[in-house]
């Protein structure tokens, strides 16, 4: 961890935001076709099927997974069960640009969780950066009009995304804890599968509750099948692989800077596919959030 940021690692950390921006746009497109928590569950079921041929040994009775199940149950909850489920839930009422911009507040969550639970020292420069990032989030939540904040009439999807971002920050810090199941950490697919086993249980439970409380018929067809294939292969398997490796190389704080590329990609995709061009307040929010990370990540 905390190696020098090389061009190869920078490229590795740029791919997940690109795929996650596509995930937000696709999630918005298929929201009328499938309930959000069910979408998250179907996504990970497909990812499980993709990984199974090369990771089936993780499921054996003598696998180290079972000895570390409590650890992977937490990773599966925050990284598989909660984060994307909350994001898809947010997309029911918010836009991909707003969702990804709120998600860009992750560096502030990274610093707070790092100081509270992982022995990370916070410097005045990092506090300044966090304040800028939070200001950027408030710009998004207020839709560029701060009088709106006094009315406390936020779009519920934006609030879901704040919770999702905190969940992802915790997941990223947990990824770098040393000494946890080194036999599984040595192979990226095995490590992801170890998270998927309990993660599928969590996401399946959430989807079951959704089915009972808010029933919605799934509109099966080619559009939904194509969307599931994309979000399972790209934003799930590939992006989680790249993000996990990048975080292990340079640490969560530096990796968090690259998360801020997601709104830029989401704005481009939304303009191209959803007819939702970015507004001036999106630009202001992105400048504040990105500026906050630049300030906080400088040594």
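Of the residues making up segment 107-128, those that are modelled with pLDDT under 80 and under 29 Å from residue 28 (Cβ atoms) are 107, 108.
Take the conditions under 26 Å from residue 270 (Cβ atoms), modelled with pLDDT of 80 or more and surrounded by fewer than 24 Cβ atoms within 10 Å (Cβ to Cβ) and apply them to residue 87. Does it pass? So residue 87 fails the test.
Here is a yes/no grid of residues against (1) under 20 Å from residue 265 (Cβ atoms); (2) touching a residue at least 60 places away in the same chain (Cβ under 8 Å); (3) touching a helix residue (DSSP H, G or I) at 6+ places or on another chain (Cβ under 6 Å):
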residue: 9; (1), (2), (3): yes, yes, yes
residue: 16; (1), (2), (3): yes, yes, yes
residue: 23; (1), (2), (3): yes, yes, yes
residue: 32; (1), (2), (3): no, yes, no
residue: 37; (1), (2), (3): no, yes, yes
residue: 46; (1), (2), (3): no, yes, yes
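Among the residues of segment 47-54, is any closer than 21 Å to residue 218 by Cα and crowded, with 21+ Cβ neighbours inside 10 Å? The answer is yes, given that some residue of segment 47-54 is closer than 21 Å to residue 218 by Cα and crowded, with 21+ Cβ neighbours inside 10 Å.
From the set of residues in segment 216-252 that are over 19 Å from residue 47 (Cα atoms) and within 15 Å of the chain's Cα centre (by Cα), which is surrounded by the fewest Cβ atoms within 10 Å (Cβ to Cβ)? Among them, the one singled out is 247.
This table checks each residue for (1) at pLDDT 80 or above; (2) exposed (fewer than 13 other Cβ atoms within 10 Å of the Cβ); (3) over 21 Å from residue 253 (Cβ atoms).
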position	(1), (2), (3)
131	no, no, no
138	no, no, yes
148	no, no, yes
166	yes, no, no
172	yes, no, no
181	no, no, yes
189	yes, no, yes
196	yes, no, yes
214	yes, yes, yes
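The values are calculated or read from the model by the stated rules, or taken from the named source; none is laboratory data. These figures come from a predicted structure and were not determined experimentally. Heads up, the Cβs are rebuilt from the backbone with ideal geometry, glycines too, and the neighbour counts pull from every protein chain shown.
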